1. Could you go through the range 309-322 in sequence order and give the Karplus-derived ³J(HN,Hα) for each residue, using 6.51 cos²θ - 1.76 cosθ + 1.60 with θ = phi - 60°, rounded to whole Hz, and x for Gly and Pro?
2. Antiparallel DSSP bridges in the range 97-183: what percent, to the nearest 5?
3. Just tell me, in residue order, which DSSP H segments of the chain are both 15 angstrom or longer along the helix axis (alpha-carbon based) and at least -0.5 in mean Kyte-Doolittle hydropathy.
4. For a label point 7 angstrom out from the Cα of residue 186 toward its Cβ, which stretches of the range 319-342 have the backbone nitrogen within less than 16 Å?
5. Going by average Cβ neighbours within 10 Å, how do the peptides 292-299, 212-219 rank, with the highest at the top?
6. Which value, in Å² rounded to 10, gives the accessible area of residue 174 with a 1.4 Å probe and all protein chains present?
7. Over its Cα atoms, what ratio of radius of gyration to 2.2 N^0.38 Å does the range 1-121 give?
8. Report the antiparallel proportion of the DSSP beta bridges in the chain as a percent, rounded to a multiple of 5.
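The values are calculated or read from the model by the stated rules, or taken from the named source; none is laboratory data. Treat the numbers as computed from the prediction; the structure is a model and nothing was measured. Please note: Cβ atoms are built from the backbone with ideal geometry, for glycine as well, and neighbour counts cover all protein chains shown. Ligands, DNA and RNA are excluded from the accessible area calculation, which covers all protein heavy atoms including side chains. Shrake-Rupley method; radii C 1.70, N 1.55, O 1.52, S 1.80 Å.
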Amino acid sequence: MNSRFGIEGIAVSIPSHYIDLKTLAEARGIDPAKYYVGLGGRRMAVVTPEEDPVTLAAEAARKVLGGYQVTPDDIGMLIVGSESGVDAAKPIAAYVHGLLGLNPQCRTFDTQHACYGATAALRLAADWCAQGNGRRRKALVIATDIARYEVGSAGEPTQGAGAVAMLVSTEPGVVAFDAYPDAVFTEDVMDFWRPHYRSTALVDGKYSIECYLRALEHTYEAYERSSGVRWEDFTHLLFHVPFPKMAYKAFRRLYEREAARRNGDFPPLDAEYERLTGPALWANVEVGNIYSGSLYLSLAALLERQDAAVAGGRIGLFSYGSGSCAEFFSGSVGPDASVWRGRIGVAEALAHRTEVGYETYLALRRAGEAMSKNGSFRAPGPEANGHVRFLGIHDDRRVYDRPGRRAMV
Ligand code: CAA
């Protein structure tokens, strides 16, 4: 049994387009401050028809493998955490395995439990590494999702998309997980769900917030009880981010608990929030909800922007998946920021996005829906952007194009 295990590398992929939430608010006749301040978002990622959960996952994975000089043969397990499956039987992981050209001697599967899916994957991968089952090979865990609600619904301004790929191994230069305490909580609730016959999620919004906060209290209490780690041991506290204000609500819930315990001898709420959680949210504000990837986008963004300031610290992470399953866990950031510096790619991806207006946003949604129908395949134009592309469905088979290799029809 190896006592050190966790994240060796991390990289993100973010869709090429976005809409400003002010544009959306104006189209809905709503005060933009409700989205900017009330929900805490600024922009949300919009996918083109060539981007789907597979291409986003493959792009993030390509970045992490390239950034850390890991060859396809080094990967012994590939797990994709997602609630945006493209097929009821074939996992996203199988497509990604093909697009990356990984070694056939590799376990490949998806995990699904709403936004908790990638955390389940991370746990499995870490246990696999810790027990030596990888025989020195690494696991590749990818969180990938496209968050989609009905046009005009309350959830619409919280949409987003993207993927976060993480290399998990016994050389955790980025985040070494603390021995897992049993800080999990499951509850059968209908707070957010998406029946097979729908492409958009259904949600009981206010109730979902209650369920999230209840799960947070249960898991944090269990974490404290079994880990011995205390508030003052954390340099940062990260939460699942369906919308940035939710992370504030979650932080406030834990803060109030802690402040009560200390009889008021405690820094003010907003100062603690800006110290522990605020610095992780800058990318969530730009991208929106990535469901399974939102927590890990916060982690990636914190590492990228805080860099050496976060090295050597301890991070607490709260993962919540509606339905529900939640977990609170923690890890120590590696002491050397050069391990991840320049390899995560959040700011770079955001810098290359194109803004769309409201009508284009609606047109891209419609085009995306059309791509999910059999017969949508169109012969590709030139490989303009060097990215993995979804070309549509032909003969009931999804067709992808990756740089240097023609489609798999
Ligand atoms: N200026 C500033 N703030 C304003 C404002 C204005 N003009 N108008 C409203 N606000 C504030 C409100 O006061 C409110 O703030 P508080 O939450 O601090 O009270 C905030 O803006 C939101 O306003 P409403 O509560 O009226 O918003 P809503 O009912 O239209 O919808 C929502 C909010 C329920 C979160 C909705 O966006 C939603 O359904 N989202 C999807 C579900 C979700 O994200 N749930 C989170 C927990 S579940 C989970 O985490 C899993 C997951 O990923 C989905």
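1. Each residue's phi maps through the Karplus curve to give 5, 9, 4, x, x, 10, 10, x, 10, 10, 10, 10, x, 4 Hz.
2. Numbers: 9 of 10 bridges.
The antiparallel fraction comes to roughly 90 percent.
3. Numbers: long enough: 53-67 (21 Å, 0.55); 117-130 (20 Å, 0.78); 205-227 (32 Å, -0.90); 244-261 (26 Å, -1.18); 294-306 (18 Å, 0.63); 358-371 (20 Å, -0.34).
What comes out of the filter, once short or polar helices are dropped, is 53-67, 117-130, 294-306, 358-371.
4. Inside the label zone: 320-328.
5. On the way: 292-299: 30.6, 212-219: 20.8.
For the peptides 292-299, 212-219, the packing ranking is 292-299, 212-219.
6. Rounded to the nearest 10, that gives 0 Å².
7. Values: Rg = 17.9 Å, N = 121, 2.2 N^0.38 = 13.6 Å.
Expressed relative to 2.2 N^0.38 Å, the Cα Rg reads 1.31.
8. Working: 44 of 63 bridges.
If I count the DSSP bridges inside the chain, around 70 percent turn out antiparallel.
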